[in-house]
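So the structure is just underneath, and the comments pick up after that.
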Amino acid sequence: MPATAVDCDAVFFDLRDTLGDVDRPGHLALYRPSTEKLLDAMRDLVGLRIGVITNLPAEVSAEQGHRMIAEAVVSEHDGEVVRLADVIDPRGIVINHEARLDKPDPAIYRFAADQMRVPVERCLFVGENLIEVLAAQAAGMRGTLKPSPPGKEFLPSVITRQGESVQDSGRAFEEALEQEHLLGERVFGCGGRIVGALASVERAEDIPPGVRTAMGMFVYVLTEFADQAHLKAEEAIVPLAVARGMPPERARWMFDQHDQARAYWAAIAVAWRRIQHGDPRDVAYAISDFRGCTESFVRLFRAHAIRENDELYPELGRRLTDADDAAVLSIVHHTGPPDIGPYAAIVGAMEEALDSEGITEQPVAADGAAAGKV
């Protein structure tokens, strides 16, 4: 942040692509841990009151916007959950529907300052959009750009332990990977719903359009995100922990299950290709293979994610130093795409496609046994 930021009394943040990703309408997934660090610095180090200025689309109401802010998780340490509404000044929530103004109209920034009862020249606006920052400056506010996706404004600074417990090492890399696991849980949910939708289907033409769309997106997310980004990032961390003294056999199960998942994904992709080819003498088997491999993958990786979160990540974190953690967090951000937002949007579209067909799921249990007929 520029040195002039300390001359301000209040800072207003943009939400989407500044503090986090809006991965589906009315839901904000904050960047972790960088957003927590940023908000803590503004509030505790600089002493600024915190507000937000956001444009919501027409289909998302102001009420939904307030709920989105109230539910967005900033941090979870030792069982204590801090949400965005906990750190924002109640007067500082500015939603375009309520203001009857949209960014980048300079009037919305003056509206925000008046609502916070702070002179506009004593306010700072932070966002990833240059036009919005310039509009804030035109309104009399100070303004600064924040990189999107986040990370470079904090690294290579060392991020020390926070909230260490039996099942949480308190490391920044662990928090970043667990955020990806939340997206993974939504992918598992879509997989379970696809399994249910294909239960009695034997012909390609009988696959409902929304389910067919979801199947294609499912294959895409597994191929382009899950393997290229998440699995490879985890696999890049283990050798550093081994160098710090962790017995390599402690992570062998992870590599084995990763390879098993890759085998499922390859089989799912081949089955999808066969379904698209539509050979009438093969398609029933292709649909069965798609369904069976998806069900096996979902069952395995729901248990896999739990074991990583509760067992492997804490073990890795205990072996790494603070400097290692900073390096590993950079590796996580650079192994795959620096921003998972586009993949979250694809998962959201997959969910919408299944919703359009009224497809629901009875989840497959993470312990390897079916929780009920899917």
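Taking the conditions exactly as written (at pLDDT below 85, closer than 30 Å to Leu354 by Cα and not basic (Lys, Arg)), does Pro149 satisfy them or not? Before you say what the answer is, go through the steps one by one.
Values: at pLDDT below 85: yes; closer than 30 Å to Leu354 by Cα: yes; not basic (Lys, Arg): yes.
Judged against the criteria, Pro149 is a match.
Among the residues of region 295-313, is any over 24 Å from Asp78 (Cα atoms), more than 23 Å from the chain's Cα centre (by Cα) and in contact (Cβ under 8 Å) with a residue 60 or more places away in the chain?
Step one: list which residues in region 295-313 are over 24 Å from Asp78 (Cα atoms), which gives 295-301.
Imposing the further condition that a residue be more than 23 Å from the chain's Cα centre (by Cα) reduces the set to 295-296.
Filter once more, so that each one left must be in contact (Cβ under 8 Å) with a residue 60 or more places away in the chain: 295.
Yes - at least one qualifying residue is present in region 295-313.
Kindly indicate whether Asp102 is of a type outside the set (Gly, Ala, Ser), in a loop (DSSP other than H, G, I, E, B) and open to solvent by 70 Å² or more (accessible area, probe 1.4 Å).
Working: of a type outside the set (Gly, Ala, Ser): yes; in a loop (DSSP other than H, G, I, E, B): yes; open to solvent by 70 Å² or more (accessible area, probe 1.4 Å): yes.
For Asp102, the condition - of a type outside the set (Gly, Ala, Ser), in a loop (DSSP other than H, G, I, E, B) and open to solvent by 70 Å² or more (accessible area, probe 1.4 Å) - is met.
Against the condition under 19 Å from Pro147 (Cβ atoms), modelled with pLDDT of 90 or more and within 13 Å of the chain's Cα centre (by Cα), how does Leu30 come out, does it pass?
Details: under 19 Å from Pro147 (Cβ atoms): yes; modelled with pLDDT of 90 or more: no; within 13 Å of the chain's Cα centre (by Cα): yes.
Against the criterion (under 19 Å from Pro147 (Cβ atoms), modelled with pLDDT of 90 or more and within 13 Å of the chain's Cα centre (by Cα)), Leu30 does not qualify.
Checking His66 against (1) touching a residue at least 24 places away in the same chain (Cβ under 8 Å); (2) closer than 27 Å to Arg122 by Cβ; (3) surrounded by 15 or more Cβ atoms within 10 Å (Cβ to Cβ), which test does it fail?
Result: His66 passes all but (3).
Output the qualifying pairs, or none if there are none: Cβ atoms under 8 angstrom, residues six or more apart or on different chains, first residue in region 249-263 and touching a residue at least 60 places away in the same chain (Cβ under 8 Å), second residue open to solvent by 40 Å² or more (accessible area, probe 1.4 Å).
Ala251/Val242
Which condition number does Ala286 fail, the rest of (1) open to solvent by 40 Å² or more (accessible area, probe 1.4 Å); (2) at pLDDT 85 or above; (3) out of contact with any Gly (no Cβ under 8 Å at 6 or more places or on another chain) being met?
(1)
Being of a type outside the set (A, V, I, L, M), part of a helix (DSSP H, G or I), open to solvent by less than 10 Å² (accessible area, probe 1.4 Å) and closer than 20 Å to Tyr31 by Cα, is that true of even one residue in region 291-307?
Step one: of region 291-307, the residues of a type outside the set (A, V, I, L, M) are 291-297, 299, 301-302, 304, 307.
This time we only want the ones that are part of a helix (DSSP H, G or I), so: 291-297, 299, 301-302, 304, 307.
Now restrict to residues that are open to solvent by less than 10 Å² (accessible area, probe 1.4 Å): 294, 297, 304.
With closer than 20 Å to Tyr31 by Cα added as a condition, the list becomes none.
No, the conditions are met nowhere in region 291-307.
Scan region 272-289 and report the pairs whose first residue is aromatic (Phe, Trp, Tyr) and whose second residue is part of a helix (DSSP H, G or I) and open to solvent by 40 Å² or more (accessible area, probe 1.4 Å), with Cβ atoms within less than 8 Å and a gap of 6+ or a chain change.
Tyr285/Arg274
Please determine whether any residue of region 54-77 is assigned to a strand (DSSP E or B), at pLDDT 95 or above, in contact with a helix residue (DSSP H, G or I) (Cβ under 7 Å, 6 or more places away or on another chain) and under 16 Å from Ala135 (Cβ atoms). Even if it seems obvious, please write down each step before you answer.
Just the residues of region 54-77 that are assigned to a strand (DSSP E or B), to begin with: 54, 73-77.
Next cut, at pLDDT 95 or above only: 54.
Checking the rest, the ones that are also in contact with a helix residue (DSSP H, G or I) (Cβ under 7 Å, 6 or more places away or on another chain) come to 54.
From the residues that got through so far, the ones that are under 16 Å from Ala135 (Cβ atoms) too are 54.
Yes, region 54-77 contains a residue that is assigned to a strand (DSSP E or B), at pLDDT 95 or above, in contact with a helix residue (DSSP H, G or I) (Cβ under 7 Å, 6 or more places away or on another chain) and under 16 Å from Ala135 (Cβ atoms).
Take the conditions at pLDDT below 95, open to solvent by less than 40 Å² (accessible area, probe 1.4 Å) and either farther than 18 Å from Gly65 by Cβ or of a type in the set (A, V, I, L, M, F, W, C) (or both) and apply them to Val118. Does it pass? Please lay out each step first, then the result.
Values: at pLDDT below 95: no; open to solvent by less than 40 Å² (accessible area, probe 1.4 Å): yes; either farther than 18 Å from Gly65 by Cβ or of a type in the set (A, V, I, L, M, F, W, C) (or both): yes.
No.
Can you confirm whether Asp227 is among the acidic types (Asp, Glu), under 18 Å from the mean Cα position of the chain (by Cα), outside any loop (DSSP other than H, G, I, E, B) and more than 26 Å from Val82 (Cβ to Cβ)?
Numbers: among the acidic types (Asp, Glu): yes; under 18 Å from the mean Cα position of the chain (by Cα): yes; outside any loop (DSSP other than H, G, I, E, B): yes; more than 26 Å from Val82 (Cβ to Cβ): yes.
Here the answer is yes, as Asp227 does meet what is asked.
With β-branched (Val, Ile, Thr) and at pLDDT below 95 as the only criterion, which of Val219, Val238 stands out?
Selected residue: Val238, the only one of Val219, Val238 that is β-branched (Val, Ile, Thr) and at pLDDT below 95.
State which residue is surrounded by the most Cβ atoms within 10 Å (Cβ to Cβ) when the search covers only region 267-283 and only residues that are in a helix (DSSP H, G or I) and not β-branched (Val, Ile, Thr). Walk me through it before giving the result.
Restricting attention to region 267-283, the residues satisfying the condition of being in a helix (DSSP H, G or I) are 267-277, 283.
Still in the running and not β-branched (Val, Ile, Thr): 267, 269, 271-274, 276-277.
Working: Ala267: 17, Ala269: 16, Ala271: 23, Trp272: 20, Arg273: 11, Arg274: 18, Gln276: 13, His277: 11.
Applying the filter and picking the extreme gives Ala271.
Test Val187 against the criterion of being modelled with pLDDT under 95 and farther than 21 Å from Glu175 by Cα, and give yes or no. Show your work before the answer.
Working: modelled with pLDDT under 95: yes; farther than 21 Å from Glu175 by Cα: no.
Spelling it out, it is not the case that Val187 is modelled with pLDDT under 95 and farther than 21 Å from Glu175 by Cα.
Answer yes or no as to whether Ser200 is at pLDDT 65 or above and within 22 Å of the chain's Cα centre (by Cα). Explain how you work it out, then say what you get.
Details: at pLDDT 65 or above: yes; within 22 Å of the chain's Cα centre (by Cα): no.
Taking the combined requirement at face value, the residue does not satisfy it.
Could you tell me whether Val221 is open to solvent by less than 20 Å² (accessible area, probe 1.4 Å), assigned to a helix (DSSP H, G or I) and closer than 22 Å to Leu300 by Cβ? Full working, then the answer.
Values: open to solvent by less than 20 Å² (accessible area, probe 1.4 Å): yes; assigned to a helix (DSSP H, G or I): yes; closer than 22 Å to Leu300 by Cβ: yes.
Taking the combined requirement at face value, the residue satisfies it.
Mind listing whichever residues of region 316-353 are β-branched (Val, Ile, Thr), modelled with pLDDT under 80 and not in a loop (DSSP other than H, G, I, E, B)?
Let us first name the residues in region 316-353 that are β-branched (Val, Ile, Thr), namely 321, 328, 331-332, 335, 340, 346-347.
Checking the rest, the ones that are also modelled with pLDDT under 80 come to 331-332, 335, 340.
Within region 316-353, Ile331, Val332, Thr335 meet the criteria.
The values are calculated or read from the model by the stated rules, or taken from the named source; none is laboratory data. What you are looking at is a predicted structure, and each value in this text was computed from that prediction instead of being measured. Using ideal geometry, Cβ is built from the backbone for each residue, glycine included, and neighbour counts are taken over all protein chains shown. For the accessible areas, the whole protein counts, side chains as well, though only heavy atoms, and no ligand, DNA or RNA atoms are used. Shrake-Rupley method; radii C 1.70, N 1.55, O 1.52, S 1.80 Å.
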